[in-house]
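What follows is a set of notes on a single structure, which appears directly below.
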Amino acid sequence: MPVRKGRMAGHGSWQEQYRALLMTPEEAAACIRDGDVLVMSASANWPYAFDAALTKHLRVIGGRVQVNGLFLPLDTSLLAPENKDLLTFHSNFFSGERVLASQGNIQFVPTHLSATGDWQISRSPRVVAITCSAPNEQGWMSRSLWGSDVSRRALEQAEVVIVEINDQLPFFASDGEAHMLFHVSEADILLENSRPVAETPPVPTAEIDRVIAGHIAELVPDGACVQFGLGGLANAVGECLAYAGKKDLGIQTEVISNCVVDLMERGIINNSRKQTCPGRSAGAYFIGDRRLWDFARDNPAFCQKEIQWTNDPRNIARNDRVVSINNAMEIDLTGQVNAESIGPRQYSGTGGQLEWVLGAQWSKGGKSIIALRSSYRDRQGVLHSKIVPQLAPGSIVTTPRTCVQYVATEYGVVDLRYKSTLERARALISIAHPDFREELKKYL
């Protein structure tokens, strides 16, 4: 049932309310006041028509607002360099933000992804602007691909909710607690903007990632509930799980990507042994290309959930045999993991890594895996180790050493849990790049 009472709630059918709520982007932008705090949806769900109109409106009134969001797309009007005096943008996960951060009006907010809603509400936003799919026959709209970036709690507490409807966004099945639907009757303003949706093509799988994925696949038992992220390593893990002939796997994850499609089509993922959302793949974001969207669109084998639900370690641990797989940028010899910064420069965010590390280990028979390549080359072609004596000055500890369990590189997998600092260092050196092992032993 709809929860929020929108501006026209109760006035006729949802179709009549839809027509009454329609405005132009300029009319919607005129509702914004100088000093307002807003929450806006992210990436492919960015409300582009509202964004352009709001930019013009703020220029006219000479106003400045605060916008809270994440995964900022680079082609926004508001965040163009010439508009830096129009707003301050707060983000708890950098993507396009890292490119624009030098403008000086983008600030990072350290939070876990599951706390995104709490953070948004703490800012007391007056206005929330989101982009949804076209409504179904019952008047429900899907918040779709990146919609989990805006909490329903923020939607329910905002004074004004602006919904930009893009009929090119796919509608995903969602129900129950923390569902991802929004009803026409809950909105205050509706805009229509049919716009092609940006795809995220699968990253090609490198051979080194296949080797790492092979080590990881050996740790995944039949019937496991798997979480893996986005990128070449996730794709490689999917390939290896298929090659290894795993059976009855389940999915609860923050990101559903193309590799999930492959595993579901082959019957490897059937969610038959899960305790939560049994029989369905549960995730917060759908990040991929049209193949993913076409497979998942209106597909009851999926259930899209809010990030506060998928990433809550207590919900994660409700499933048995959870195996979480997360990337790292570097790890020191005691097991401290940096997955978000280059020295003091924010590169991405804390995200959900620690939530999945904890949730997996709390799960009955669960395992947490941190995966990284053992080395990298800088722009001059010089090889550097990603297993280091100490993290670089200013680096962020995303996962503390006390929580790290398995670590995987192309040279193998080690289990650090309950090891002494000396045992940890020796184990990590054994999976470091061979060119750096003797040097690392000097720090024992």
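The values are calculated or read from the model by the stated rules, or taken from the named source; none is laboratory data. All values reported here derive from a predicted model rather than from experimental measurement. Virtual Cβ from ideal backbone geometry, glycine too; neighbours counted across all protein chains shown. Remember, those area values only see protein heavy atoms, side chains included, never the ligands or the DNA or RNA. Shrake-Rupley method; radii C 1.70, N 1.55, O 1.52, S 1.80 Å.
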C-alpha center-to-center spacing [the stretch 393-444, the stretch 105-133] in angstrom: 35 Å
Which of the peptides 138-150, 161-173 is most tightly packed, and how do the rest follow, judged by the mean count of other Cβ atoms within 10 Å per residue? 138-150, 161-173
Please give the per residue accessible area of the chain, computed with a probe of 1.4 Å over protein heavy atoms only, in Å². 39 Å²
Give me the extension gain from residue 194 to residue 77: residue separation times 0.36 nm, minus the current Cα-Cα distance, reported in nm with one decimal. 40.4 nm
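Report, to the nearest whole %, how much of the accessible area of the chain belongs to carbon and sulfur atoms, 1.4 Å probe, protein only. Kindly include the intermediate steps, with their values, before the conclusion.
On the way: 8840 of 17510 Å².
The computed percentage sits at 50.
What's the local net charge at residue 323, with K and R +1, D and E -1, over the other residues with C-beta under 12 Å away?
Local net charge: 0.
For every other residue with a beta carbon closer than 12 angstrom to the beta carbon of residue 143, add +1 if it is Lys or Arg and -1 if Asp or Glu, then tell me the sum. Numbers along the way, then the final one.
On the way: positive: 152, 305; negative: 149, 164, 186, 306.
Net local charge, residue 143 excluded: -2.
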Estimated 222 nm signal from helices in the chain, with DSSP H stretches of n ≥ 4 weighted -39500 (n - 2.57), rounded to 500: -7000 deg cm²/dmol
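Ranked from the most accessible area to the least, with a 1.4 Å probe and all protein chains present, what is the order of 375, 272? Don't skip to the answer; put the middle values down first.
On the way: 375 20, 272 75 Å².
Sorted descending by solvent-accessible area, the residues read 272, 375.
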On average, how much area does the Cα convex hull of the chain cover when viewed from any direction, in nm²? 20.7 nm²
When every protein chain stays in place and a 1.4 Å probe is rolled, 3, 184 sorted by accessible area with the largest first are 3, 184
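Can you pull the percent of Cα pairs in the stretch 313-444 with separation above 24 Å? It would help to have the intermediate numbers written out before the result.
Details: 2290 of 8646 pairs.
Percentage above 24 Å: 26.
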Taking a ≥ b ≥ c as the square roots of the eigenvalues of the Cα gyration tensor, with a/c under 1.5 meaning rounded and otherwise prolate when a/b exceeds b/c and oblate if not, the stretch 199-327 is rounded
Note the count of lysine pairs whose C-alpha atoms are less than 27 angstrom apart in the chain, limited to pairs 8 or more residues apart or on different chains. 23
How much length would be gained if the chain were fully extended between residue 175 and residue 415, taking 0.36 nm per residue of separation minus their Cα-Cα distance, in nm to one decimal? 82.6 nm
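Which percentage, to the nearest 5, of the DSSP beta bridges contained in the chain is antiparallel?
Details: 16 of 65 bridges.
Antiparallel bridges make up about 25 percent of those DSSP assigns within the chain.
Once the other residues with Cβ under 13 Å from the Cβ of residue 267 are scored (Lys, Arg +1; Asp, Glu -1), what is the net sum? Let's see the in-between values first.
Numbers: positive: 246, 247, 266; negative: 222, 248, 262, 265.
Charge balance in the 13 Å sphere: -1.
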Based on the mean of other beta carbon atoms within 10 Å per residue, what is the order of 283-290, 433-440, 398-405, most packed first? 283-290, 398-405, 433-440
